[in-house]
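Data first, discussion second: the structure below is written as structure tokens.
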Amino acid sequence: MSGLLFRREYLDGLDGQVVEAFEKWALEGPFALRLTDGWRRAVPPTLARLQELSLPPLGPDGRPWSSLQRALFACGRSRALDESSTGHGRGCAADASPARVVHGHCAGIYLPSDGPQALERFEAYGEFMEREGLVWGGRWLTAFPPHGDCPHVELPGWKSLPMPPVAPSHNP
């Protein structure tokens, strides 16, 4: 794989079509991507993962989060209460953002606050993933105004798939 895909470990355990789309991006994409999320399992998240996503280390009750999805829900960053209600929880979704690469290292990501260039890159990413047969969250303007959920891609029809029985060996 080329140097156009950072944090590839977030693809571990995901559906093959999702992985293949990102592997194709790594070979053909016009700029680097940094994966920021993949399979969410119903296990307590690590402190490092919570910090990476700017989430508090403890829930409102002062206890550790039971899962990353519950933390995202409680903090208003997701509308889904648990993993079974998300493409991530079924191993059928991933999030990625265009990356800045400095001297071969991922130095940061373009966010919508970076203006038109960031949105153009997200659109290029989304259109590429749609050509690979995935659904792009950047089209969800009503649910996530004003730009949709630009980092998110998912397998169409994931809701009809069973929850994966075995988790991958890493815990991002």
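The values are calculated or read from the model by the stated rules, or taken from the named source; none is laboratory data. Please read all numbers here as calculations on a predicted model, not as lab measurements. Glycine gets a Cβ as well: all are built from the backbone with ideal geometry, and neighbour counts include every protein chain shown. All accessible areas refer to the heavy atoms of the entire protein, side chains included, with ligands and DNA or RNA removed. Shrake-Rupley method; radii C 1.70, N 1.55, O 1.52, S 1.80 Å.
Tabulated data
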{"read-out": "Sole exception among (1) at pLDDT below 90; (2) under 15 Å from Pro151 (Cα atoms) for Val18, by number", "value": "(1)"}
{"read-out": "From Arg121, Arg90, Arg40, Arg49, residue being outside any loop (DSSP other than H, G, I, E, B) and touching a helix residue (DSSP H, G or I) at 6+ places or on another chain (Cβ under 7 Å)", "value": "Arg49"}
{"read-out": "Hits in region 133-151 - residues which are open to solvent by less than 50 Å² (accessible area, probe 1.4 Å) and either part of a loop (DSSP other than H, G, I, E, B) or touching a residue at least 60 places away in the same chain (Cβ under 8 Å) (or both)", "value": "Gly133, Leu134, Ala143, Gly148, Asp149, Cys150, Pro151"}
{"read-out": "Close pairs from region 83-96: first free of Cβ contacts under 8 Å to residues at least 40 places away in the same chain, partner in a strand (DSSP E or B) and open to solvent by 10 Å² or more (accessible area, probe 1.4 Å), Cβ under 8 Å, at least 6 apart", "value": "none"}
{"read-out": "Test: residue in region 107-115 that is part of a strand (DSSP E or B) and either modelled with pLDDT of 90 or more or exposed (fewer than 14 other Cβ atoms within 10 Å of the Cβ) (or both)", "value": "yes"}
{"read-out": "Extreme residue, nearest to Pro156 (Cα to Cα), among residues of region 8-31 that are assigned to a loop (DSSP other than H, G, I, E, B) and under 15 Å from the mean Cα position of the chain (by Cα)", "value": "Asp15"}
{"read-out": "Selected residue (only one of Ala80, Ala96, Ala74, Ala118 is of a type in the set (Gly, Ala, Ser), modelled with pLDDT of 90 or more and open to solvent by less than 30 Å² (accessible area, probe 1.4 Å))", "value": "Ala96"}
{"read-out": "Candidates Glu28, Glu83, filtered to the one that is out of contact with any helix residue (DSSP H, G or I) (no Cβ under 7 Å at 6 or more places or on another chain) and among the acidic types (Asp, Glu)", "value": "Glu28"}
{"read-out": "Every residue from region 29-62 that is open to solvent by 40 Å² or more (accessible area, probe 1.4 Å) and either touching a residue at least 60 places away in the same chain (Cβ under 8 Å) or within 16 Å of Gly91 (Cα to Cα) (or both)", "value": "Pro30, Arg34, Ala42, Val43, Thr46"}
